[in-house]
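Take a look at the structure set out below.
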Amino acid sequence: MSHKCSISGRCRQVGNRVSHANNRRSHVFRANIQTRRLYIPELKQFVRVRLATDILRTIDKIGIEQTLRKYALSVSDLVKG
């Protein structure tokens, strides 16, 4: 299972750790991905998805239907992927 958000597609980023002496070494920044069960009213059931924490905040604020509409997704996209 990849380390990627099911709705926003957020995943890892690559950058550098820079020391005080300006030495640079490669570093991977991972998105804060959490597995959650969300209730989908259209299906009348719970669906287990992997989401970034900022998307969880968006869902709390505007709801799952509006969040899926914002990212141009449907419920079937969320269930199968």
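Couple of notes before you dig in:
- Counting only helices (runs of 4 or more DSSP H) that sit wholly inside segment 31-81, those with at least 2 residues that are hydrophobic (A, V, I, L, M, F, W, C) and closer than 23 Å to Arg12 by Cβ are 53-62.
- Among the residues of segment 31-43, those that are over 16 Å from Leu68 (Cα atoms) and surrounded by 11 or more Cβ atoms within 10 Å (Cβ to Cβ) comprise Ala31, Asn32, Ile33, Gln34.
- Filtered residues of segment 12-29 (kept if assigned to a loop (DSSP other than H, G, I, E, B) and modelled with pLDDT of 95 or more): Ser19, His20, Ala21, Asn22, Asn23
- Exclusive hit being under 20 Å from Thr58 (Cα atoms), among the β-branched types (Val, Ile, Thr), in contact with a His (Cβ under 9 Å, 6 or more places away or on another chain) and touching a residue at least 24 places away in the same chain (Cβ under 8 Å), set Ile33, Ile7, Ile40: Ile33
Okay, residues lined up against (1) of a type in the set (Ser, Thr, Tyr); (2) under 15 Å from Val79 (Cα atoms):
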residue: Gly15; (1), (2): no, no
residue: Ser19; (1), (2): yes, no
residue: Arg24; (1), (2): no, no
residue: Leu43; (1), (2): no, yes
residue: Arg48; (1), (2): no, yes
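- Among residues of segment 51-68 that are more than 13 Å from Leu38 (Cβ to Cβ), those with a beta-carbon under 8 Å from a residue that is hydroxyl-bearing (Ser, Thr, Tyr) at least six positions away or on a different chain give the pairs Ala52/Ser8; Asp54/Ser8.
- Scanning segment 60-81 for any residue that is open to solvent by 90 Å² or more (accessible area, probe 1.4 Å) and among the aromatic types (Phe, Trp, Tyr) turns up nothing.
The values are calculated or read from the model by the stated rules, or taken from the named source; none is laboratory data. Keep in mind that what you see is a predicted model, and the values were worked out from it rather than measured. Every residue, glycine as well, gets a Cβ built from its backbone with ideal geometry; the counts of neighbours run over all protein chains shown. What goes into the accessible areas is simple: the full protein's heavy atoms, side chains included, and nothing from ligands, DNA or RNA. Shrake-Rupley method; radii C 1.70, N 1.55, O 1.52, S 1.80 Å.
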